[in-house]
Amino acid sequence: MAGLSDKLFHLLHDLITQLPALVMIGACIVFCFLRGKRHPQVSRMVVIGLVLLFFHIIGFTVVYTFVPDLFAGLGEYQTRAIVQLIISLIYNLMLAAIFGVLLIAAFMQRSPTAPSTSTIAAR
């Protein structure tokens, strides 16, 4: 089992790797707050989705750094593979739920568009 200082260095490396995405998410959150008056419910849902995504990235960086080593002492490859599979499944399910929130926000408060004249003329 690697020492704690090695693990913290690995965690810091992984967080720095994720830094561009985290900065972009932060910028999008600020943009949503600035443009929130136009569609307040949509902005609120987008901010919720982005905050969840922000914490998802940080949380699973920590999980992928520390949790697999907790099961390294078991020695069996199959056990460690099952742990990795379960972590990946939870990661992907949570990410799908976050994208679901963002997708709901994308289609909230949309009024139907009026039919264009080219569509009517084609009939």
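Readers should treat all values here as calculations from the given coordinates under stated rules, not as data from a laboratory. Here the structure is a predicted model, which means the values were calculated and not measured. A quick note on method: Cβ atoms are made from the backbone with ideal geometry, for glycine too, and the neighbour counts reach across all protein chains shown.
The alpha-carbon atoms of the range 4-108 define a convex hull whose volume equals 89 cubic angstrom per residue. In this rough spin-label picture, where each label sits 7 Å from Cα along the Cβ direction, the D69-A96 distance is 3.1 nm. Taken along the Cα-to-beta-carbon direction at a fixed 7 Å, the label points for V30 and I58 span 1.7 nm. Compute the FRET efficiency between R44 and L85 as 1/(1 + (r/R0)^6), taking r as their Cβ-Cβ distance and R0 = 41 Å, and round to the nearest 0.05. For R44 and L85, the calculated efficiency is 0.70.
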